[in-house]
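The block underneath contains the structure these notes are about, expressed in structure tokens.
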Amino acid sequence: MNRREFIETGAVLAASAVLAASVAPPGVASAQAQDMPLPPPRTTGGKPLMDALMERRSTRRFAPKALEPQVLSDLLWAAFGINRTDGSNKRTAPSWKNRQEMAVYVAMPTGLFRYDAKRHALAPVSGKDLRALTGKQDFVATAPLNLIYVVDFAQMSEASPEERMFVAGCDSGSIFQNVYLACASLGLVTVVRANADKSALAREMNLGADQMVTLAQTVGYPAG
């Protein structure tokens with residue numbers, strides 16, 4: 001992507017975010033709100049795996065700078081994007097019997113979005129800034145980006161309750177570790193968290209009875 005394309009893509013994303021925030025009633029995505037397309041992810045390059053593992057760590061201080069569209073695209077693809085070209089739609093992280101029961105939501109100042117891996121786009125969910133609900137630490141409300149991991153137990157109907165919870169933890173862990181390594185490669189910092197008010201967050205996200213927030217993960221640039 002050249003400089004002109006990058007600038008144009010950033011403008012489209014910014015305009016789409018403002019639109020989603022302005023036309024949606026509080027807590028509800030507007031039927032007219034359009035998906036926010038992301039630039040194609042960069043699926044080659046970056047730091048070698050061993051270097052990324054050496055730099056993998058948790059950080060709780062974040063600069064307020066927003067992630068550029070290309071960086072956000074790369075991060076979400078690494079988290080749970082499609083990495084096959086055979087039409088199988090299989091992902092960068094494993095899932096139970098390939099049910100792909102996990103969903104990645106993105107909380108930003110402009111609202112809440114769901115990552116649509118098939119379209120590689122952000123689908124508007126709410127015009128509210130829900131960052132403060134994603135955790136109990138002060139930094140979550142001001143960090144530029146919080147990822148929220150949601151499991152859909154309806155995709156695992158034949159599993160026992162114990163197996164469902166075990167799988168939800170394992171599959172969430174696979175995704176958040178992908179994010180840790182992507183952050184190490186992209187020059188970002190992150191921390192995964194479990195101490196959100198998950199019931200309040202689920203209500204604001206309009207989750208169904210079979211859906212549950214498992215974890216949240218804050219991402220941003222390191223504070224200076």
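Per residue, how large is the accessible surface of the stretch 121-167? Use a 1.4 angstrom probe and give square angstrom. Don't skip to the end; give the middle numbers.
Values: 1990 Å² over 47 residues.
Roughly 42 Å² per residue, with all protein chains present.
Coordinate range of the alpha-carbon atoms in the chain per principal axis, descending: 52, 46, 40 Å.
Under the rule of -39500 (n - 2.57) per DSSP H run of 4 or more residues, summed and divided by the residues of the chain, what mean residue ellipticity at 222 nm is obtained, to the nearest 500 deg cm²/dmol?
Rounded to the nearest 500, the figure is -10500 deg cm²/dmol.
Span-like helix check, the chain: qualifying full DSSP H segments, with Cα axial length of 24 Å or more and mean Kyte-Doolittle of -1.0 or more, are 3-23, 161-186. Computing FRET efficiency as 1/(1 + (r/R0)^6) for Gln211 and Arg119, where r is the C-beta to C-beta distance and R0 is 22 Å, gives about 0.60.
Computed extension length for Asp138-Glu158: 3.2 nm, one decimal, from 0.36 nm per residue of separation with the Cα-Cα distance subtracted. Is the shape of the stretch 52-104 best called rounded, prolate or oblate, per the rule: a/c under 1.5 gives rounded, else a/b larger than b/c gives prolate, else oblate, with a ≥ b ≥ c the square roots of the Cα gyration tensor eigenvalues? Prolate shape, in that a/c is at least 1.5 and a/b is the bigger ratio. The protection proxy used here, the mean number of other Cβ atoms lying within 10 Å of each residue, ranks peptides 158-166, 43-51, 60-68, 179-187 as follows, highest first: 179-187, 60-68, 158-166, 43-51. Taking 7 Å steps out from each Cα toward its Cβ at Asn83 and Glu55 produces label points 1.8 nm apart.
Accessible surface comparison of Leu133, Leu53, probe 1.4 Å, protein chains only, largest first: the order is Leu53, Leu133. With a simple spin-label model that places each label point 7 Å from the Cα along the Cα-to-Cβ direction, the separation between Ala223 and Lys65 comes to 1.6 nm.
The values are calculated or read from the model by the stated rules, or taken from the named source; none is laboratory data. Values in this document were obtained by computation on a predicted structure and should not be read as measured data. Backbone-built Cβ (ideal geometry, glycine too); neighbour counts: all protein chains shown. For the accessible areas, the whole protein counts, side chains as well, though only heavy atoms, and no ligand, DNA or RNA atoms are used. Shrake-Rupley method; radii C 1.70, N 1.55, O 1.52, S 1.80 Å.
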